[in-house]
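The values are calculated or read from the model by the stated rules, or taken from the named source; none is laboratory data. Since the model is a prediction, treat every value here as computed from it, not as a measurement. No Cβ is skipped: glycine too gets one built from the backbone with ideal geometry, and neighbour counts run over all protein chains shown. Calculation scope for accessible area: heavy atoms of the full protein, side chains included, ligands and nucleic acids excluded. Shrake-Rupley method; radii C 1.70, N 1.55, O 1.52, S 1.80 Å.
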Amino acid sequence: MMKKHLIYINLDGFGRYYYDRMRDEQKALPNIRKLVKRGVFFEQAYTGIPSITCPMQSGIVSGCYSDRTGNCDKYWNREANEIVLTGRLNRAQTIGEVLAEEGRTFVSIQQFALEGKGAVRGRKDRLYMEPGGDYRKRFSVLLKLIRENVIEHEGTIYEYPEFPDAVFLYIDDLDSVGHNPPWCYADSEEKRVDNVCRVLEGIDELIGETLKSLEEKGLLDSTYLLLTTDHGMVSYRGKSRTEDLICALKEWGYRVAVCREGNVETKDFDILLTSHDIQCQMFLAEEADNLNVMESLKKRLSGLPYVETVLTAQELTERGVYRDYADLLISPAEGESFSLIPLDQKHLYATHDSLHEKCQHIFTAVTGPGIRSDYRETSLVYNKDLIPTLAYCLEWKQPRDATGRKLASILMEEGKG
Ligand SMILES: [Zn+2]
């Protein structure tokens with residue numbers, strides 16, 4: 001039997017709507033389309049909450065979200081009365097740790113969620129390395145590995161006469177351009193999306209090179225290729241809605257405190273608010289587990305004109321979110337934010353901690369032996385389901401804490417049966 005391999009490419013910030021926009025252009029993204037045609041395209045692929053890079057990147061490689069990883073970007077430590085940042089925390093086992101445990105060889109090209117979580121700098125059999133630079137530089141590491149069986153990094157040559165069991169490649173250009181930074185600033189949403197689509201075209205070419213090289217080396221048929229992401233992106237402009245929200249809460253009789261991070265300076269509040277950038281996390285000082293209070297607050301909050309979605313603690317728990325993340329999560333309509341930093345009123349900002357469709361609905365496609373080809377999966381799938389499914393296909397152990405489902409409908413054997 002042919003030895004099977006995994007290449008998992010994470011294109012940070014690959015919102016589904018970018019792909020849809022490109023798909024409307026007849027000849028756009030020929031190589032991603034080729035990959036999609038070879039395998040399964042997920043019509044309803046979604047990310048978790050909060051849709052922020054570290055929580056979601058660690059969630060994907062562990063097959064679970066912050067109820068297991070602990071990484072939800074920030075939460076309120078009630079006892080210490082402090083807003084705690086979670087940084088790169090991951091309490092769950094990663095697929096890298098599984099591979100290390102099983103004695104398999106793998107390489108992580110800047111997939112930082114595996115650094116110190118299975119992958120190690122300078123260690124050939126489970127190499128972590130950071131080429132830096134843009135997607136061209138990182139793809140060139142992958143292509144050299146496929147074509148020449150070597151990785152050159154910081155003066156050391158690592159040889160892989162046999163292609164590694166898994167290669168993890170992390171690319172963040174779609175995210176960086178999507179955030180609309182000064183060096184490629186777009187003054188309208190349309191131009192911002194256009195900027196991202198141009199980068200996507202460049203990435204598509206290198207995905208084409210990857211497919212071609214795998215084919216030339218006779219590896220294509222034995223390789224699983226997973227293309228997914230941690231979140232999309234949404235833009236906003238004008239004043240933050242935090243003050244409006246505070247006014248509404250005060251009118252309803254609540255004492256409100258706000259804290260961005262660190263110690264909350266007062267204990268004298270009924271409601272505490274914090275925010276990453278867009279969505280607002282709300283904590284109730286007294287009645288954290290009072291369902292009725294949360295439900296009635298949700299109803300009132302949902303009526304505010306700038307609010308799009310409100311989730312209660314219970315609903316967040318059902319989505320795999322760490323309990324202390326929020327008692328209520330308030331996500332604004334597109335264009336609005338609950339930013340806690342002063343905003344330049346004319347500037348077009350863009351980021352992704354939002355329940356908006358543009359942030360939650362993500363691009364995902366997978367191909368490989370035993371996976372159906374030219375198939376559109378229409379059921380709801382989360383990015384935490386992907387690694388557990390592939391671990392099953394590759395006959396690897398499941399990551400210990402995984403809660404993601406095995407997506408049986410995309411497999412040939414099960415699809416037929
Ligand atoms: Zn990201």
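Annotations
- Residue range of the chain that is longest and free of GluC sites (Glu not before Pro) which are both DSSP loop and sparsely packed (at most 14 other C-beta within 10 Å): 288-394
- In a reduced charge model with +1 at each Lys and Arg Cβ and -1 at each Asp and Glu Cβ, the range 238-346 shows a dipole moment near 180 debye about its Cα centre.
- Estimated D of the range 58-145 in µm² per second, where Rh is the Kirkwood radius over Cα pairs and Stokes-Einstein applies at 37 °C, 0.692 mPa s: 228
- Cβ-Cβ distance of M2 and N263, R₀ of 60 Å, FRET efficiency by 1/(1 + (r/R0)^6): the value works out to about 0.55.
- Compactness index (Cα Rg / 2.2 N^0.38 Å), the range 238-346: 1.01
- The label-point distance for D270 and Y185, in a model that sets each label 7 Å from Cα toward Cβ, rounds to 4.2 nm.
- Residue pairs, from the table K250/K384; K34/K217; K117/K267, whose Cα atoms sit over 29 Å apart: K250/K384; K117/K267
- Inter-centroid distance (Cα atoms) of the range 246-325 relative to the range 339-417, Å: 28
- Applying 1/(1 + (r/R0)^6) with r as the Cβ-Cβ distance of E286 and S379 and R0 = 51 angstrom yields a FRET efficiency of 0.80.
- Gaussian network model of the chain, springs between alpha carbon atoms under 10 Å - residue of Y224, Y18, Y158 with greatest fluctuation: Y158
- Among P399, P30, P50: highest mean-square fluctuation, GNM of the chain, C-alpha pairs under 10 Å: P30
- Rounded to 0.05, the FRET efficiency of the K346 and E251 pair, given R0 = 35 Å and the Cβ-Cβ distance, is 0.70.
- Whole-number Å³ per residue for the convex hull built on Cα positions in the range 1-159: 172
- For the range 196-269, the Cα gyration tensor yields ellipsoid semi-axes of 52, 17, 10 Å (square root of five times each eigenvalue, largest first, whole Å).
- Neighbours of L85 by Cβ distance under 14 Å: Lys/Arg scored +1, Asp/Glu scored -1, total -3.
- Multiplying the residue separation of V150 and E201 by 0.36 nm and subtracting their alpha-carbon distance yields 15.7 nm.
- Just checking the listed ones, A333, A365, A248: in the Gaussian network model of the chain with Cα springs under 10 Å, the one fluctuating most is A248.
- Note: relative contact order over the chain, using C-alpha pairs below 8 Å and six or more positions apart, is 30 percent.
- If you wrap the Cα atoms of the range 1-91 in a convex hull and average its projected area over all directions, you get 8.7 nm².
- Carbon + sulfur, % of accessible area of the range 51-202 - ligands and nucleic acids excluded, 1.4 Å: 45
- For the chain, complete DSSP H runs whose alpha carbons reach 15 Å or more along their own long axis and whose mean Kyte-Doolittle score is -1.0 or higher are 135-148, 189-216, 291-302.
- With only Cα atoms counted, the chain has Rg and Dmax values of 22.0, 69 Å.
- Chymotrypsin sites (Phe, Trp or Tyr not before Pro) lying in DSSP loop within the range 27-135, provided at most 15 other Cβ fall within 10 Å: none
- The mean sequence distance of close C-alpha pairs (under 8 Å, at least 6 residues apart), as a share of the length of the range 238-346, puts its relative contact order at 34 percent.
- Mean-position separation - Cα centroids, the range 168-231 and the range 21-92, in angstrom: 16
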